[in-house]
Amino acid sequence: MEESASRGVSEPVLQADRWLTAYHDRFAGFNTVTPNICSADLFADGDNKLLIADMGAEWGKNMQLRVYKGTSLLSEHTLVDLPLAIAPFYMNLPGPKTPAIAVASGSSIYVYRNMRPFYKYTLPALKVAEAELEAWNMVLQEGSDLNVFRDLLVNVLASGESLSAKSEHFLTTSTMSEAETFVRTYGDSPLRRQTVLTTLSAMKKSMHEEDALTCIVLGTENKDIYILEPDAFTVLTSMVVPSIPVMMDITGLFDVDYRILVACRDGCIYSLKRGQKSAKLCIELHSQAVGICARPSLGCVYVGCMDRSLRCYSTQGKGPNKYAQLWTISLDHAIVAMQSVTIKTLGLELVAVCCQDSKIYFHKEKAVVDIVDTGAPVTAVRFGRFGREDNALVFVTKSGALTVKILRRNQTFDTIGSLESSKSAPAITAGNKFIIPKKTKLFVDQTMRERESASIMHRVFQQDFHRIRLIAARHYLNTMQTTGNTQVRGFNGADETKIPEVRITARVQGLGPEFALIITLSCSENTFPPLRNLLVAYSYDSSIYRCERAYRCVPYLPPGLPTSVSIRVTCVSELCVSDTLKVIVALKDCSSPIVTALISMPVAQSV
Amino acid sequence: MGLLDRLVVFLKIKKRQASVLVVGLDNSGKSTILNHFKPDEQKSIEIVPTIGFSVETFKIKNLNLTAFDMSGQGRYRNLWEHYYQDAQGIIFVIDSTDALRMVVVKDELELLLQHKDIKNRSVPILFFANKMDLRDALSSVKVSHALGLDSLCTKSWHICSSNAVTGEGVREGLEWLSEQIQLNLSNN
Ligand SMILES: Nc1nc2c(ncn2[C@@H]2O[C@H](COP(=O)(O)OP(=O)(O)O)[C@@H](O)[C@H]2O)c(=O)[nH]1
């Protein structure tokens, strides 16, 4: 015990110190999102591989599923369609228990086993509307009018039904001839209405074990949620949500009891339970969800929203208490990704919130307990087992870099006191009533008085206010007159102000024809007010000497401190003569000099 | 296999006890290396009950060997750090195929070196860059570089590649360690 304490003191706990950078590839070139990263024990050897589905640097070109073993790339698999999400799942097949990988893209799920393509599951086709079928039957007959056909299709849409892709394509044709060609070429092909996947997740079937049979849960653009059985890919349960699902959070077991929280495009979160056919509205976000992490052990769910808020809702209790908001904090930056972080060895449940400011904030409830700098905004983040390390944080940033960080083993997360208090401050407790104190008699009286004699109060205030300004102006003027301006007044007018005494000394350096003339000015220590804006001018025979400047300015002559100016004097005379040079010190804007000096220059040596 | 014969004989003459720690992350091959020490005729293996971490201890005459995983967080560290104080030598086993966790090994090594029971004592450290037979194994030079051993000048240390399964490289390392321990004990 002693030891760990003393270590804590000798090594100040820096944020970055909690994590060791195990791997960093700045040029990995990933373009991906959180659902496209997962880790799985692919070969059942206790060494989890990292799988990342890449959407291609150019969106839809060179899409790949990359598998990493530790720090090395194990394999790459070309994907045919834009990946939406990937998930490992266990099937009920003989042989070693190795997980299969489901890659959702378009309207299909591509299943890999032993990292070889194994099966392609396509979403069930949807019913094509009667009216649409009739319309196509009509248009295929001779002499049909394409405009009428177009109207018929539009009517189908107007009645709230969706069209098949073929009809939608037809409606996008712009010219008559284009439309005719389209009908001629594709008229005979069957009408199929296909929806696309929007989200994919996994749920254990009857046991919690890591390698237990896993069901696949998916959401579609058609507002359906399907739960698939992993061996034959039959739909075990289908459910409907009122809007298009975007992300899900699943807790529980399929055979026992489960709850799926579905965040939808209408900014609401719905819950689905075992045995329920349709969804129940539980949370209205009034914003879009960026991430949703249920923490069953804490009895709450964290939701990160696009309006920069991190919210926490209760998932316990009955009636109105269920899904009541526990707290909201507004963050300084937009949330870009979220991930739940469970550190089993510490018994900690955190949530990692990646923000636009290129940082990952680890929240323990409202408080921030750690911050990781990522260099660029994170686009995808996962926390979990990778390799043989349980607490690995994997993230991909906007610049395409891939980083793996590992939590140091001797860390605890409850020591950042200062951070906690500064960060948890802007808490808005919505829904809670404000406690408003009772009105006192004094308050009531005061309000009455203010209402009755508002104009008098205003006038009195204005009067006092002007008076203060007047006093301030008077003092200002007074100060101005007793300091700087004295001099000006003194010399211009016939005032009795003494001319402060300035002493002048001069030195000449050099042999010629160039000389440096150093003039030192000083005045006595108790000169008040100090002299300002002094001019040092020279007078000389211009056939003999030339000065670099006609005068020099000394902006301030500190009392008691000698101040030097140096000028360059050149002897221009061909004859070896010397002359005197007159130095005049005067105040600016004042005609009579304070002091003058005659300096006899030495004879210049000819070059 | 009496890999530490000379040391054992030395200890006997000197009537001294010595203990050697075998440490490393999980799966690095500690148990596999320890198996080489277990002389068939004197198997006195004590099994310490698992309290969040497991320690394997056995004795060859006057020499104690203790091995444990450097895994787990905070709480249990104190339990195994307790063994540091009477260690005369340390065998640090590294899985040289686990490039990902090399930082973790480095971190653990730094913590070990800074520990009060190790810091100011002369304890020789033997590093086994284990699993050298595997394809993606890092060379012992790379491992020592990754761990920053080049700048470790407060302790005498030695690194060698090993294959714990066949015993390759294990003898060479142990000879060095025996010498160092004998040197230290004679000086005291
Ligand atoms: N190929 C190879 N495998 C090894 C080597 N050393 C250990 N192993 C294997 O690595 C695994 C872990 O070894 P173990 O001794 O249990 O590691 P410990 O957790 O550190 O005690 C076992 O499956 C060993 O067979 C080696 O040098 N080469």
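Would you calculate a helix-derived [θ] at 222 nm for chain A, using -39,500 (n - 2.57) for each DSSP H run of n ≥ 4 and dividing by the full residue count, to the nearest 500?
Details: 9 runs with 108 residues, N = 607.
For chain A, the value works out to -5500 deg cm²/dmol.
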For a paramagnetic label modelled at 7 Å from the Cα of A:Lys277 toward its Cβ, which residues of the range A:220-237 fall within the zone defined by backbone nitrogen distances under 14 Å?
A:237
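Please state the relative contact order of the range A:71-158 as a whole percent: Cα pairs under 8 Å, 6+ residues apart?
Once normalised by length, the contact order is 16 percent.
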How high is the relative contact order of the range A:222-324, given as a whole-number percent (alpha carbon pairs under 8 Å, six or more residues apart)?
16 percent
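Write down Rg/Rh for the range A:130-186, rounded to two decimals, with Rg from the C-alpha atoms and Rh from the Kirkwood relation over Cα pairs. Working shown, then result.
Numbers: Rg = 10.5 Å, Rh = 11.4 Å.
My calculation of the ratio gives 0.92.
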Partner aspartates and glutamates for A:Lys280 [C-alpha distance under 15 Å; skip if fewer than 8 residues away on the same chain]
A:Asp224, A:Asp249, A:Asp266
Find out how many positive minus negative residues lie around A:Leu152, taking Lys and Arg as positive, Asp and Glu as negative, among other residues whose Cβ is under 11 Å from that of A:Leu152.
-3
Taking 22 Å as the cut-off for C-alpha to C-alpha distance, list the pairs among A:Lys364/A:Lys405; A:Lys322/A:Lys344; A:Lys366/A:Lys438; A:Lys61/A:Lys127; A:Lys205/A:Lys405 that go past it.
A:Lys322/A:Lys344; A:Lys366/A:Lys438; A:Lys61/A:Lys127; A:Lys205/A:Lys405
Neighbour-count order for A:Arg308, A:Arg469, fewest beta carbons within 10 angstrom listed first:
A:Arg469, A:Arg308
Hydrodynamic radius by Kirkwood, which averages 1/r over all alpha carbon pairs of chain A, in angstrom:
32.7 Å
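Report relative contact order for chain A in percent, whole number only (criteria: Cα-Cα under 8 Å, sequence separation at least 6). Write down the numbers at each step before the final one.
Working: 1256 pairs, mean separation 55.2, N = 607.
9 percent.
Where a number appears in this text, it was derived from the coordinates with a stated rule and is not lab data. Small disclaimer: the values here were computed from a predicted structure and weren't measured. Cβ: placed from backbone, ideal geometry, glycine included. Neighbour counts: every protein chain shown.
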